[in-house]
Amino acid sequence: MKVFIAYTFIISLVVAGNLLLKLGANISNHTGAWYQELINWKVIGGFTCFGLAGIIYLLVLTKLPLNMAQSFVSIQFVAVVLASYFLLGEPIGVMRWTGIALITLGVFIIGRYS
């Protein structure tokens with residue numbers, strides 16, 4: 001149960017990190033160098049989310065083999081695509097939906113037969 005809660009936090013932080021980085025990258029006032037435009041609270045927040053997710057993932061790795069831990073955390077790819085669809089209005093094509101279904105099926109199979 002603790003590992004499940006940890007995965008929930010990891011995936012939530014990765015989704016939040018990706019969304020914040022995307023939103024931070026879209027802020028541009030063209031007043032400075034490219035790297036100055038990317039230093040804003042959204043970018044810093046995104047990197048912070050990734051850092052926290054990495055720390056929690058490190059704790060998960062003390063409980064699970066790497067091949068299993070990485071397999072379960074791959075659901076983040078589905079979560080990020082869905083979050084970008086619902087929160088940012090980014091389109092998802094048929095092939096991407098197919099990929100989402102395959103990733104979800106793969107994680108289910110790994111979880112069921114591990």
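The values are calculated or read from the model by the stated rules, or taken from the named source; none is laboratory data. A quick note: this is a predicted structure, and the numbers were derived from the prediction, not measured. For neighbour counting, all protein chains shown are included, and Cβ atoms are generated from backbone atoms with ideal geometry for every residue, glycine included. Accessible surface is based on the protein model in full, side chains and every heavy atom, while ligands, DNA and RNA are left aside. Shrake-Rupley method; radii C 1.70, N 1.55, O 1.52, S 1.80 Å.
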Wholly enclosed helices (runs of 4 or more DSSP H) of the stretch 1-93 bearing at least 3 residues in contact (Cβ under 8 Å) with a residue 60 or more places away in the chain: 2-25, 75-88
Matching entry among THR62, THR8 (being loosely packed, with under 14 Cβ neighbours inside 10 Å and within 26 Å of ALA101 (Cβ to Cβ)): THR8
Odd one out for LYS22 among (1) more than 23 Å from ALA6 (Cβ to Cβ); (2) modelled with pLDDT of 95 or more; (3) open to solvent by less than 90 Å² (accessible area, probe 1.4 Å): (2)
